[in-house]
Each structure stands twice: as structure tokens, then as C-alpha cells.
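Worksheet: the structure to be examined is printed underneath.
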Amino acid sequence: MVSFSLHGVGGAGGIAIGRAHKVSHVVNEVVHYTVSAPQIAAEIARYKTALKRVSEELETLRKQAENMQAPGELAAILEVHSLMLQDSSVAEQPCELIEQHACNAEWAVSLQMQALVEKFEVMEDPYLRERKADVLHVCEHLLKALVGEAREKLAIPSISSEKTILVAYDLSPADVLHFKSNAYAAFLTDMGGVNSHTAIVARSMGIPAIVALHNARRLIQEGDSLIVDGAAQVVIVNPDREVLAEYRLRQSALELDRQKLKRLRTAPCASLDGISISMLTNVELPQDAVEVIESGADGVGLFRSEFLFLNRPDWPSEEEQLESYISLLNGVKGKPVTIRTFDLGADKQKEGWSKHTRVAPNPALGLRAVRFSLAEPLVFLTQLRAILRASAYGPVQILIPMISHINELHQVMQLIERAKQQLTKREMPFADKVPLGGMIEVPAAAMLTHVFAKYLDFLSIGTNDLIQYTLAIDRTDEAVSYLYDPMHPAIVRLLTQTIRQSTKAGVPISVCGEMAGDINMTRLFLGMGLRSFSMQPAQILPVKQRILTSEVKEAQEWVNRLNRTDDPAKFAMYAERLNA
């Protein structure tokens, strides 16, 4: 057999060795035919029957997730998919398309799916843009129900005693449930990105994965021998004996390292020269609290609240939000939680949600994050009241995304005061002091760090957006993603300046972007003066180990050299020495 390799995006690190098991994709196999006028009512009834069946299946799967003690992401995502089925865009629009085009139900689902996907694709936030995967997964369920198939079971084929690696066009959270019982070694998908559900769930479960491979299903055959190197973002198909032996050794070494790292969970985090470092986690859902505790993190540095607002026809109520925040606080057992207010944009809303429903000509530079919050003060006040009320149940901080002007901050502070007055009038308790922070995600905010530090209790750097906006590069655009460089000299200088200005002002600052969880960046941040990291729970122990073996004073010297040189060769040499 011919050996070759495929390259994609690393959804989750690690090494897996096993045999390929290919999963079919109904969405790619939809047929189109015309139905006669008398048949239209029957076709609509067929669609509604499929809709009901899928709704029941998702509810069953959600209960299975709870019984199997699967990661919290799965149950929550399945619940989101159930809400999508109730939305008019899924529950009613396909029926209208059947009438309009006199077409079969499968084709109507396909047309509506494409329309919804196009709306998601123009969203500016990479994390939210990749929520189009939810649409695809729900439509996949509907199409399988329409063609009379039970949802495809991902049973391990009896091709050998080796572990199985799934190869799919895409995988839904429901599919991932089978990982728990069948112990798949890894999965590969043609679709997806670093923030897709498949990547998020893989990281939370510690399963190696590579997404955005494009042609994996076409080129890989059932039963092929595979090596998945998540860190290198490469799949080796039908490797020879020497390569296989080498990767088996690497795999054993990684497993040994993982077992050793677990011993660090309760150890204090400090550098060799005695500098204490705070280790925080980024979480997506309240159920992630279990991983926060297991990782040994000091608290939650970033809780994204968007999951409460997406894929639904209405705004979440104050009580619904409060329930989620309290659930997270109870789960982390007294550790501090930083809640980021919703980062939504005008192009993310359904019709009827807001007066800002037009598609922005340039969404990345449009009405999003704090700008959208200020444009929707009633919705923003509801969230602020829920967060303030949650502060009565545990230590909570409020984090405002994408600040760029001091006027925005003043408006936010006024709304917080109004929310407090409203709660006081209703005789609802909240903490006397709820720290307020701002995210440094655009160059303007980085340049004004010393100004924001006068008004805020803490700052947090979102490196993903900061790099994207500074270098004018969309990291999700494959044509230019290779230019997305965290070690660009301009980025290094901007980060150094931001961290040091905040420290000089006596205001705590953390980094919550992907750079924080990259061990190759740990000493760089220590040298810049960073004393608080926030990352995925699975990244805590590797970064902690790097900190325990680092000297801050030495790192500072190399960072100073990096910032002083204009010579690319010297810059590369200093960066290498920093990580030596």
C-alpha cells in the first residue's frame, strides 16, 4: 500500500495509532425531485414527522450523555440543537420551501441549511462563525430521519484488534458520545476549525484530532493504517515499519509524561526564582467546572456567556442566566469566576431580535461585543443584573470584551450602576464589590492600557483577536492564515508594552488567548511580566511544568533583547534561546 501524509488543523494534540473507519455523510447525498400539488401536504407531513423523531432522538441522547458522565459540553450542545429544531427557521421554513418549490422534503432541508450556513459564514468572530456546524449537524439528523435511516451508529468495525480512528466529513456532538463507550483513538474530519465543536470536545476529552483535512474521506480507505499527530497537525497513511516504530516510542513517552504531570496538580505554581503565578482556565459551559477542579486551576479566567444567547428566537431571561452562573460557581467550589459579557454582533441575530439585523459590510469591524451591548442596553442590563446577583453566591468578576474607547467604558460603568440600583429597589442581594475588567483585543486598547488601568480593576488580553487586528490577517482564511504569527516583532512589542503598563499601574493583567496555553510562549510571557495565565483546562499542567522549570529574571533579559533588536536573524536567535 502507498504511504502518504495529509495536513490539516490541529483540533487536539497527542498521538494516536490505529485503523481507519469511515463515516458516511448524508448531507452530501441529497437528491432533488418535484412533487405534484396533491402530494405537497403529504410531503410537509413527512417533514414534520421527521422533525418530531429527531427531537425525541436528541432528548434520548442528552439523557444518555448524563448517564454516561460524558463531558458537560455534549449535553449542552445537544440541548442547543433541540432549541434549533423549535426555531421557525428549522421548524417552519422548510415547509414553506416545499410549498414554494413543490420539492421533496430532503431538498427543502438542503436549501434551508445552505441559507443558514451563509448567514453564519459572514460572522466576524471565529468561534461563533464556526457555530454553522450546529446547522449542519441538525440537518444531518433531519435528512437521516427523512430517508428512513436510524442515526448511524459508529460501531467499531472488526477489522483488527487495533484501535479505531474515525474519518468523517464532520462529526456532531451526538456522534462524539460514542467515543465514551467505544474508546476511539482519534478522529479526523474534512470540515471544522480550531473552534469547532469537534475540536472543542476533542480537547476536553484529551482525544487527538485533526480537522479541516478537506480530502481525508476521499483519500483514506476503510481499514488503512493511520498515525495521527495532533501537535504536528499531520496524518500519516499506511506508514512503513520504521515510521510506525518511531511513533510508538513517541506515544509511550507522551503517556509517561502525562502520568508524571498529574503529580503537579496540587503543587504551588512558582518559577525557579520564587515568582508566584496564577493559573486560570477558559470555559465554555457551566458543566466545565468539573475540569476546572480536576486541572488544579486557581479559578476561571474567562467564562464565555455566548452559549446562552445563540441558536434561539429570544433573549435569555435574567433568571436563566443567573441559574447558569450559579451552577458554575457551585461547581468550582469557591474559586473566582470571571464572566465575559456576551460577545455578539449585529449579523449574529435572528429577525425580530433587534433593530440591528442588517448584515454588516465588514463584520469584523462592525457592531460587535461591547458595541452591540451598548446598542442593546435593555438586554445588556439583564445580563449585568444576572451577574451581579450571582456575586451573592461566590466570587465573580465582570469582563467587558473588545473595549477600544474610554467613552465605551464610562457607558458600561453607568449601566452597571443602573443595574445595581434596580436590584436594590427589588431588594435582591449582590456583593458590595464586583471587580470590573476589560479585554485588550484591539491595538487601540493596547495603546491606551495606562488609561483603562485608571478605571478598571483588572485587564485581560485576548491574543487571538489582538494578533488578527494588528496584523490585518484572518486566521480562519486559509489563503493568509500562514501569516498569522504570534511571534511577529510587532506583536511581541505590543504585548510587552501592554503587560508592563498594566503592571506599572498596579492593575492585574492576564492572557486568555491561545498563546497562554502554548508552552513555547510561557517563558516569553514570564519575561514580559505576566503573572496570570488563563487557558483550556487540559493545558494547565504542561504550562505549569514549564513555569516550574523557568527563571523569570533570565526570561526578562531575553525579552528585553527581543524588543531592542531590528535584526530578524538576531530576533529568531533570541526567541530560540528563550525557549531553550
If each K or R counts +1 and each D or E counts -1, the residues other than residue 34 whose Cβ falls under 13 Å of its Cβ total -3
The percentage of the accessible area of segment 363-510 (probe 1.4 Å, all protein chains present) made up of carbon and sulfur atoms, to the nearest whole number, is 57 percent
Given a Förster distance of 45 Å, the FRET efficiency implied by the Cβ-Cβ spacing of residue 426 and residue 244, rounded to the nearest 0.05, works out to 0.10
Carbon plus sulfur, as percent of the 1.4 Å-probe accessible area of segment 279-338, comes to 53 percent
Set 260/433; 333/553; 132/454; 63/144; 335/504, cut-off 31 Å on Cα-Cα distance; pairs above it are 260/433; 333/553; 132/454
Judged on accessible area alone, 1.4 Å probe, highest first, 247, 484, 47 line up as 484, 247, 47
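The values are calculated or read from the model by the stated rules, or taken from the named source; none is laboratory data. As the structure is a computational prediction, the values presented were derived from the model and not from experiment. Here the Cβ is made from the backbone with ideal geometry for all residues, glycine too, and neighbour counts use every protein chain on show. The accessibility values were calculated without ligands, DNA or RNA, using every heavy atom of the protein model including side chains. Shrake-Rupley method; radii C 1.70, N 1.55, O 1.52, S 1.80 Å.
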